[in-house]
1. Please name all residue pairs, on different chains or six or more residues apart, with Cβ atoms under 7 Å, provided the first residue is in region 220-236 and is within 18 Å of E187 (Cα to Cα) and the second residue is modelled with pLDDT of 95 or more and assigned to a helix (DSSP H, G or I).
2. Filter region 76-127 down to residues that are open to solvent by 40 Å² or more (accessible area, probe 1.4 Å) and aromatic (F, W, Y), then give me how many there are.
3. If I go through region 238-248 residue by residue, how many of them are touching a residue at least 60 places away in the same chain (Cβ under 8 Å) and over 18 Å from R142 (Cβ atoms)?
4. Being at pLDDT 90 or above, open to solvent by 40 Å² or more (accessible area, probe 1.4 Å) and under 29 Å from W254 (Cα atoms) is the requirement here; does R41 meet it?
5. Looking at (1) under 19 Å from the mean Cα position of the chain (by Cα); (2) surrounded by 12 or more Cβ atoms within 10 Å (Cβ to Cβ), which is the only condition H236 fails?
6. Given the residues S97, S40, S107, S50, which is the only one that is under 25 Å from R136 (Cα atoms) and touching a Ser or Thr at 6+ places or on another chain (Cβ under 9 Å)?
7. What pairs come out if I take residues in region 160-179 that are in contact (Cβ under 8 Å) with a residue 12 or more places away in the chain and more than 21 Å from P207 (Cβ to Cβ) and pair them with residues that are surrounded by 14 or more Cβ atoms within 10 Å (Cβ to Cβ) and polar (S, T, N, Q) whose C-beta lies under 6 Å away, six or more apart or interchain?
8. Please state which of the following conditions G201 fails to meet, knowing it meets all the rest: (1) under 22 Å from the mean Cα position of the chain (by Cα); (2) within 22 Å of A257 (Cα to Cα); (3) exposed (fewer than 10 other Cβ atoms within 10 Å of the Cβ).
Amino acid sequence: MRASEKSSSAPSGPDILSGGAYARKQIFSRSRLVAWSHGSRFRLAQALVSPFAGARILDYGCGDGTFVAMVHDRFAQAIGTDVDAAQLADCASRFRSLTSVAFLPQSLVEADPRHAGAYDVVTCLEVLEHCVDPERVRVLDRLRRLVAPHGRVIISVPIETGLSLPAKQMARRVAGWRRIGDYRFTERYTWGELMRMTCAGSSASIPRPVYVSSGDSTTPYRYHGHKGFNWRTMAHEVAQTFDIQGCRYSPMPWLRAQLNSQVWFICRPK
């Protein structure tokens with residue numbers, strides 16, 4: 001029986017998902033707008049990986065494991081990997097009843113040759129916007145090494161330019177005023193920065209704040225928030241490593257990049 005056809009007795013609904021930090025903030029948010037936007041994001045992600053049901057999937061930068069838990073029963077094996085050791089431990093504990101699922105440190109997945117070219121589909125969802133420039137290039141190379149030659153890499157990043165930017169900033173401010181999640185800590189733009197990124201072309205940029213955290217007890221890493229991220233600039237970087245087979249947008253695909261929250265790249269290795 002194909003993995004996509006088997007039934008799983010392990011819980012996979014709201015009860016098992018709602019314990020995740022990102023799931024609580026996003027798909028279970030008190031804000032209907034936030035829940036709708038991120039719910040649409042996860043539904044599109046599931047649709048994009050469906051053609052690979054029965055194969056092996058790797059979610060690179062899995063966060064709280066929500067996506068792995070949503071799709072695990074469609075695949076022969078579902079692996080989540082992340083730089084945050086505490087997050088991985090939480091995933092392993094919350095999803096311990098799920099079959100054919102594992103959560104592994106990124107350093108292990110990247111170093112172990114058994115993972116090279118081992119995955120029919122690799123997802124990297126809402127990760128690259130947080131990478132500092134050298135790390136983003138390195139991650140793209142790692143994704144290429146992990147995906148099978150015939151496989152696909154599916155990348156999603158937020159749209160933080162055009163009319164989407166002021167609309168999202170307003171929604172974030174409202175959510176912050178309502179004390180929803182951690183939106184009260186949303187990064188602020190000056191008027192000049194906001195105008196520049198609202199009118200941004202593929203090369204427009206503003207200074208991006210850099211933060212420091214630790215994925216485990218000893219190794220700090222540097223990362224960005226969303227401020228100043230230009231998805232068109234990143235698209236050129238993706239095209240250096242992959243053939244981009246198509247682009248999708250969510251949550252309102254008919255609006256394309258004009259007023260959407262995320263852009264998706266369906267890629268195959270060159």
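1. Cβ pairs passing all conditions: Y223/H130; H224/E129; H224/H130; H226/E129; G228/M197; F229/E129.
2. Matching residues across region 76-127 total 0.
3. Looking only at that region, the number is 2.
4. Criteria not met by R41.
5. Single failed check for H236: (2).
6. S107 is the lone residue from the list that is under 25 Å from R136 (Cα atoms) and touching a Ser or Thr at 6+ places or on another chain (Cβ under 9 Å).
7. A175/S31
8. Of (1) under 22 Å from the mean Cα position of the chain (by Cα); (2) within 22 Å of A257 (Cα to Cα); (3) exposed (fewer than 10 other Cβ atoms within 10 Å of the Cβ), only one is false for G201: (1).
The values are calculated or read from the model by the stated rules, or taken from the named source; none is laboratory data. Note that the coordinates shown come from a computational prediction; the quantities given were computed from them, not determined experimentally. All Cβ positions, even for glycine, are placed from backbone atoms using ideal geometry, and neighbour counts span all protein chains on display. Surface accessibility is based on the protein's heavy atoms, side chains included, excluding ligands, DNA and RNA. Shrake-Rupley method; radii C 1.70, N 1.55, O 1.52, S 1.80 Å.
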